[in-house]
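The values are calculated or read from the model by the stated rules, or taken from the named source; none is laboratory data. As the structure is a prediction and not an experimental result, all values here were calculated from the model. Cβ atoms come from the backbone with ideal geometry, glycine included; neighbour counts cover every protein chain shown. Calculation scope for accessible area: heavy atoms of the full protein, side chains included, ligands and nucleic acids excluded. Shrake-Rupley method; radii C 1.70, N 1.55, O 1.52, S 1.80 Å.
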Amino acid sequence: WNLVFMQFEQVSKDERIELPKPSIDTGMGLERIAAVLQGTHDNYETDLFRALIRAIEEHTGIPAEGAHKASNRVIADHLRASSFLIADGVLPSNEGRGYVLRRIMRRAMRHAELLGVRAPLIWKLVPALVREMGAAYPELQRAQALIEETLKLEETRFRRTLERGLRMLDEESKSLQAGQKLSGHVAFRLYDTYGFPLDLTQDALKPRGIEVDLESFHRDMERQREEARKAWAGSGEASTEAIWFEIKEKAGSTDFLGYETETAEGQIRAIVLDGRSVGALSAGQAGVLVLNQSPFYGEAGGQVGDRGEIRSPEGALFAVEDTQRRLGDLILHHGRVVHGEIKIGDAVELIVDQQRRAGNRVHHSATHLVHEALRQVLGSHVVQKGSLVEPNRLRFDFSHPTPIGDAEMERIETIANEVVQQNAEVTTRLMSVEEAIKEGAMALFGEKYGDEVRVVAMGEQPGGGANKPVFSMELCGGTHVRRTGDIGLIRVTAQSASAAGVRRIEALAGEAARRHLCEQERRLGHAAELLRVVPADVPQRIEALLEERKRLERDLTEAKRQLAMGGGGQSAHEPIDVGGVKFMGRVLEGVDPKDLKSLADQGKKAVGSGVVAFVSVAADGKAAVVVGVTDDLTRRYSAIDLVRAGSSALGGKGGGGRPDMAQAGGPDGSKAQAAVEAIRSAMAG
């Protein structure tokens, strides 16, 4: 065992204090217990790892023992860790736990590269892991598709990062010998600019006996953090946040009444103006009110805060512009005094904007239905990654690796609306988290729940479902409709990628959905009127017009080419003799630069043996130049050298291509003819 005797707390370099309960950490985890029971001294020789390492052997053809023993073990161990993290809802990112996951994944991928594997490998090993551990950990089976796709996408991206980083590392370290150190500044630049972690740099240099100057690396890292802290310090959030602890301690929490009512009476317990407590607010002043109770919903769970009015018996009016929540149960009413004076201790009437609240309720309930419909159509790996509920729309982020097909989207929308049409009662119950999850309620990963939670259930499974009769059941503190029929209609309006492995759906519900459909119908009618067809024939008419446009563009391009090759008089376009070689050089107006190469090919055919050069001038005054050299002359002339001479005359630099065809550009189109002459002069030597 790795026995660790914990007796002291090291307060400083010179001071230790006794722990209240000294203890011993045996390090006797699952792998070590398995090793003892299976008669081996090696964790990687247990059944927890043998099948995974065997799968790596099969995919790579590299023996598990010998020179690559460590790489096989790293891949097996990190595959397991990555898969469990993804199954728990963690996705790779550049911060927090997502960054920890990304580093674990990339270390495994680096060792796959050391085995000589050049295509994504780690995702192919997931079935072997699921076979070994899926029965004991069913979350692996549920999330298998998400795990595989996430690993595949990340490894594909990492391949590009690895190639770029290794090239730079080789360049920077080629002069170093064993025992020397790579500059920490270089290692930091690899990390900061190319996303190449320090441990990968160390791994890549270790076989050559080269280390990294960690002192200078950490100095650069700390300098970057300090800059980030300075940038953040200007927000003032830290100083204003502290005041809410003081207010809650003095005034207590705010009881939320908004599930039962949208109007109530309350007493003002605290007022905050410009980050400090005050006794009153006068007309025109903006501040924050804290009351003993309130029907106003503070922004949480994706649902935006309520707006409305707070009135005092003396006639003062405070317009609530936003409602936020702090420290769990402290409701903050942000707004401005319209007239009169608002004072601590005032008994006031609170009136929520009912129309705004109604829109929030409709879209929040619709979010629950869309969430469950997504899981039923795409798979149980779908987990909410964030949402926005507003009076006129909803936005929903969820874990899924690929775009949703049209047929799948139609099915999702159909299922959600079938539940809407049931007009089933939306029920809410208070229970413990354990009871709620046991009954099938969905808890959102990463959310913090108290001892008692609110469970919102709505709808029945379309077509019946004995295993799960309730359609949607989630832990949620938001406001909802009373019956699913109150939602009216759900219409998905867009889908997009939000992050790696995360998709975003946008939708409308209720009156917002009805208005959207009316607007779409009005636009369709207007389009039909312009196209002089009935609305049903609009798609076919547009397709016909697009096809006709493509044909006209092709005809126009061909006409421009013919004009370029044969217009302007025969003498203007006859090749001239340059050192015994035919040279055709022209300035072309109105020709797209992308068409120059095909024109050069035609020019080469026309001259048979020679050099052609075309310069086109765009509307913005810039120019593009192409040079073509027939195959029999590429030993004598290089199109690359000739095109660079033309580019230089245009005020440009460089140019590239092949000896028989090269292209470049320049900012000064007025020198187009000079570019042709420069190419001719370069031929003449």
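Observations
- Residue 549 paired with residue 245, simple spin-label distance in nm, labels 7 Å along Cα-to-beta-carbon: 6.1 nm
- Charged side chains reduced to their Cβ positions (Lys and Arg at +1, Asp and Glu at -1) give region 1-96 a dipole of some 140 debye around its Cα centre.
- Shown in residue order for region 402-408 are the 3J(HN,Hα) couplings computed by the Karplus curve 6.51 cos²θ - 1.76 cosθ + 1.60 at θ = phi - 60°: 10, x, 8, x, 4, 5, 5 Hz (x for Gly and Pro).
- On the beta carbon distance between residue 668 and residue 336, with R0 = 51 Å, the FRET formula returns roughly 0.30.
- Taking the longest Cα principal axis of the chain as reference, the axis of helix 69-87 is set at about 60 degrees.
- Amide H to amide H distances under 5 Å link residue 498 with 503, 504, where only residues 5 or more positions off or on other chains count and H is placed in the peptide plane.
- With all protein chains in place and a 1.4 Å probe, the accessible surface of region 1-135 carries 53 percent carbon and sulfur.
- Relative to the current alpha-carbon distance between residue 522 and residue 634, full extension at 0.36 nm per residue lengthens the span by 34.1 nm.
- Nearest 10 degrees, 0 to 90: helix 237-251 Cα axis against the chain principal axis: 10 degrees
- Label-point gap, in nm, between residue 183 and residue 534 - each point 7 angstrom along Cα→Cβ: 7.5 nm
- In whole angstrom, region 39-139 maps to an equivalent ellipsoid with semi-axes of 21, 18, 12, each derived as √(5λ) from the alpha carbon gyration tensor and ordered largest first.
- 3J(HN,Hα) along region 657-664, derived from phi through the Karplus expression 6.51 cos²θ - 1.76 cosθ + 1.60 where θ = phi - 60°, amounts to x, 10, x, 9, 7, 9, 9, 8 Hz, with x in place of Gly and Pro.
- In percent, rounded to a whole number, the relative contact order of region 320-388 is 15, using alpha-carbon pairs under 8 Å and six or more apart.
- Cross-link partners for residue 385 among the lysines, with Cα-Cα distance under 18 Å and sequence neighbours closer than 8 places in the same chain left out: 448.
- Rounded accessible area per residue of region 108-214, 1.4 Å, Å²: 48 Å²
- Axis angle, to the nearest 10 degrees, between helix 354-378 and the longest C-alpha principal axis of the chain: 60 degrees.
- For residue 303, residues with placed amide H under 5 Å, excluding near neighbours: 389
- Alpha-carbon centroid distance for the pair region 45-83 / region 167-207, whole angstrom: 27 Å
- Rounded to the nearest 20 debye, the dipole magnitude of region 81-206 is 220 debye, with +1 charges on Lys and Arg beta carbons, -1 on Asp and Glu beta carbons, and the Cα centre as origin.
- 14 Å cut-off, amide nitrogen to a point 7 angstrom out along residue 69 Cα→Cβ, residues in region 22-44: 41-44
- Paired Rg and Dmax values of region 297-414, which use every Cα atom, in angstrom: 19.2, 60
- Each of 277, 173, 598 has its accessible area taken with a 1.4 Å probe; listed largest first, they run 277, 598, 173.
- Measuring spread by the Cα atoms of region 284-344 yields a radius of gyration and Dmax of 11.5, 36 Å.
- Residues of type aspartates and glutamates that residue 604 reaches as a straight line, Cα spacing below 16 Å, ignoring anything fewer than 8 places off in the same chain: 574, 577, 595, 631, 632, 660
- Listed residues 390, 132 arranged by accessible area, highest first, probe 1.4 Å: 132, 390
- Theoretical FRET efficiency, 1/(1+(r/R0)^6), r = Cβ-Cβ of residue 576 and residue 605, R0 22 Å, to 0.05: 0.80
- The Cα center of region 407-426 and the Cα center of region 365-396 differ in position by 12 Å.
- The 1.4 Å probe gives accessible areas that order 57, 154, largest first, as 57, 154.
- Mean separation of Cα contacts under 8 Å (6+ apart) over length of the chain, as relative contact order %: 6 percent
- Compared with the alpha-carbon gap, the fully stretched path from residue 282 to residue 225 is longer by 16.3 nm at 0.36 nm per residue.
- Dipole axis of region 143-207 (+1 Lys, Arg; -1 Asp, Glu on Cβ), positive-most option in 158, 178, 200: 178
- Percent accessible area from carbon and sulfur atoms, region 588-667, protein chains only, probe 1.4 Å: 49 percent
- Relative contact order (%) - region 468-549, alpha-carbon pairs under 8 angstrom, separation at least six: 17 percent
- Distance between the C-alpha centres of region 334-352 and region 250-273: 11 Å, rounded to the whole angstrom.
- The chain - Rg (one decimal) and Dmax (whole number), Cα, Å: 34.8, 103
- Between 405, 339, 360, the Cα set farthest toward the positive side of the dipole of region 320-438 (charges on each charged residue's Cβ, about the Cα centre) is that of 339.
- Charge dipole (the chain, unit charges on Cβ, about Cα centre) - positive-most of 68, 552, 259: 552
- What you get for the chain, charging only the Cβ of Lys and Arg (+1) and of Asp and Glu (-1), is a dipole of about 2260 debye around the Cα centre.
- With the whole protein complex present, residue 356 retains an accessible surface near 40 Å², based on a 1.4 Å probe.
- Here the accessible area of region 485-561 is 53 percent carbon and sulfur, with a 1.4 angstrom probe and all protein chains present.
- Contour excess over end-to-end distance, with Cα ends at residue 2 and residue 557 and 0.36 nm allotted per residue: 192.1 nm
- Cβ-derived FRET efficiency at R0 35 Å, residue 407 paired with residue 139, nearest 0.05: 0.80
- The label-point distance for residue 541 and residue 156, in a model that sets each label 7 Å from Cα toward Cβ, rounds to 4.0 nm.
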